[in-house]
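Q: Pasting a structure below so you can have a look.
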Amino acid sequence: MSDNVIDQLIDGLRCLPGVGPKSAQRMALHLLQRDRDSGKRLGQALVQAMERIRQCNKCRNFTENDLCDICSDSERDDTQLCIVESPADVIALEKSTGFKGRYFVLMGHLSPLDGIGPVELGLGILEENLDSGAVKELTIATNPTVEGSATANYISVIVPRFVSLHPREGVGTVASSGCAGATIQPLIIGSTQLTT
Ligand SMILES: [Zn+2]
């Protein structure tokens, strides 16, 4: 890497999605020429966020604490759990639906070629959440892509085990659907009351 500070700034900006060399150069020169205060605030915010933001112990969403705001909110419905691919999905669902249950954030989808498997998606933590016995409606709201559907199918394999562990909890069929801008209720399909 260049030891020229401007080159380092341009190179650093290129880590952002969709930012190529020309855009990075334009951003860097704009901050230097016209808005150094914003540039300093941006740098401080980046350092703080990268050092302090971690994943929630329970749902894996981003947070500064052990538990995120949603997981630590006693008003939320413990019986409903919605599985999504990313923190952006949580924000979208919170804005566009009246869903008051809990979430589980996969932070991606299954992608064996990229080395992303069940461990990377935290499916062990998900199973622990389900084993607590509180969840009665499970929604898999992965994105409507090939990868998202494959991930939903894989996760649904976990559910029968969960049902057999908690036959009275009424967890049944799970549904896979895209969640960008979607309402929550179509995602919850066919909860089955088991009669054992
Ligand atoms: Zn959480």
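Q: Show the residue pairs that are 6+ apart or on different chains and have beta-carbon atoms under 7 Å apart, the first residue being within the range 60-71 and more than 16 Å from residue 82 (Cα to Cα) and of a type in the set (Asp, Glu), the second being in a loop (DSSP other than H, G, I, E, B) and more than 6 Å from the ligand (Cβ to nearest atom).
A: So the pair list comes out as 64/53; 66/57.
Q: Another question, if that's okay. Could you tell me whether residue 49 is within 16 Å of the ligand (Cβ to nearest atom), open to solvent by 20 Å² or more (accessible area, probe 1.4 Å) and among the hydrophobic types (A, V, I, L, M, F, W, C)?
A: Details: within 16 Å of the ligand (Cβ to nearest atom): no; open to solvent by 20 Å² or more (accessible area, probe 1.4 Å): yes; among the hydrophobic types (A, V, I, L, M, F, W, C): yes.
Taking the combined requirement at face value, the residue does not satisfy it.
Q: Hey, could you check the range 95-107 for residues that are over 16 Å from residue 135 (Cα atoms) and modelled with pLDDT of 95 or more and say which is surrounded by the fewest Cβ atoms within 10 Å (Cβ to Cβ)?
A: Restricting attention to the range 95-107, the residues satisfying the condition of being over 16 Å from residue 135 (Cα atoms) are 95-98, 106-107.
Next, from what is left, pick out any that are modelled with pLDDT of 95 or more: 106-107.
On the way: 106: 24, 107: 16.
The residue in question is 107.
Q: Here is a further query. Scan the range 128-149 for residues that are under 20 Å from residue 67 (Cα atoms) and either crowded, with 17+ Cβ neighbours inside 10 Å or among the polar types (S, T, N, Q) (or both) and jot them down. Give the steps one after another, and end with the answer.
A: Residues of the range 128-149 that are under 20 Å from residue 67 (Cα atoms), as a first pass: 128-135.
Of everything in the range 128-149, those that are under 20 Å from residue 67 (Cα atoms) and either crowded, with 17+ Cβ neighbours inside 10 Å or among the polar types (S, T, N, Q) (or both) turn out to be 129, 130, 132, 135.
Q: Suppose the filter is within 22 Å of residue 132 (Cα to Cα), within 13 Å of the ligand (Cβ to nearest atom) and either open to solvent by less than 50 Å² (accessible area, probe 1.4 Å) or out of contact with any Leu (no Cβ under 8 Å at 6 or more places or on another chain) (or both); does residue 65 pass it? Spell out how you get there, then give the answer.
A: Numbers: within 22 Å of residue 132 (Cα to Cα): yes; within 13 Å of the ligand (Cβ to nearest atom): yes; either open to solvent by less than 50 Å² (accessible area, probe 1.4 Å) or out of contact with any Leu (no Cβ under 8 Å at 6 or more places or on another chain) (or both): yes.
Criteria met by residue 65.
Q: Here's something else I'd like to know. Taking the conditions exactly as written (in contact with a Leu (Cβ under 7 Å, 6 or more places away or on another chain), open to solvent by 10 Å² or more (accessible area, probe 1.4 Å) and under 19 Å from residue 55 (Cβ atoms)), does residue 124 satisfy them or not? Spell out how you get there, then give the answer.
A: Values: in contact with a Leu (Cβ under 7 Å, 6 or more places away or on another chain): no; open to solvent by 10 Å² or more (accessible area, probe 1.4 Å): yes; under 19 Å from residue 55 (Cβ atoms): yes.
For residue 124, the condition - in contact with a Leu (Cβ under 7 Å, 6 or more places away or on another chain), open to solvent by 10 Å² or more (accessible area, probe 1.4 Å) and under 19 Å from residue 55 (Cβ atoms) - is not met.
The values are calculated or read from the model by the stated rules, or taken from the named source; none is laboratory data. What you are looking at is a predicted structure, and each value in this text was computed from that prediction instead of being measured. Reconstructed Cβ throughout: ideal geometry from the backbone, glycine too, with neighbour counts over all protein chains shown. Please note that ligands, DNA and RNA were not included when accessible areas were found on the heavy atoms of the full protein model with its side chains. Shrake-Rupley method; radii C 1.70, N 1.55, O 1.52, S 1.80 Å.
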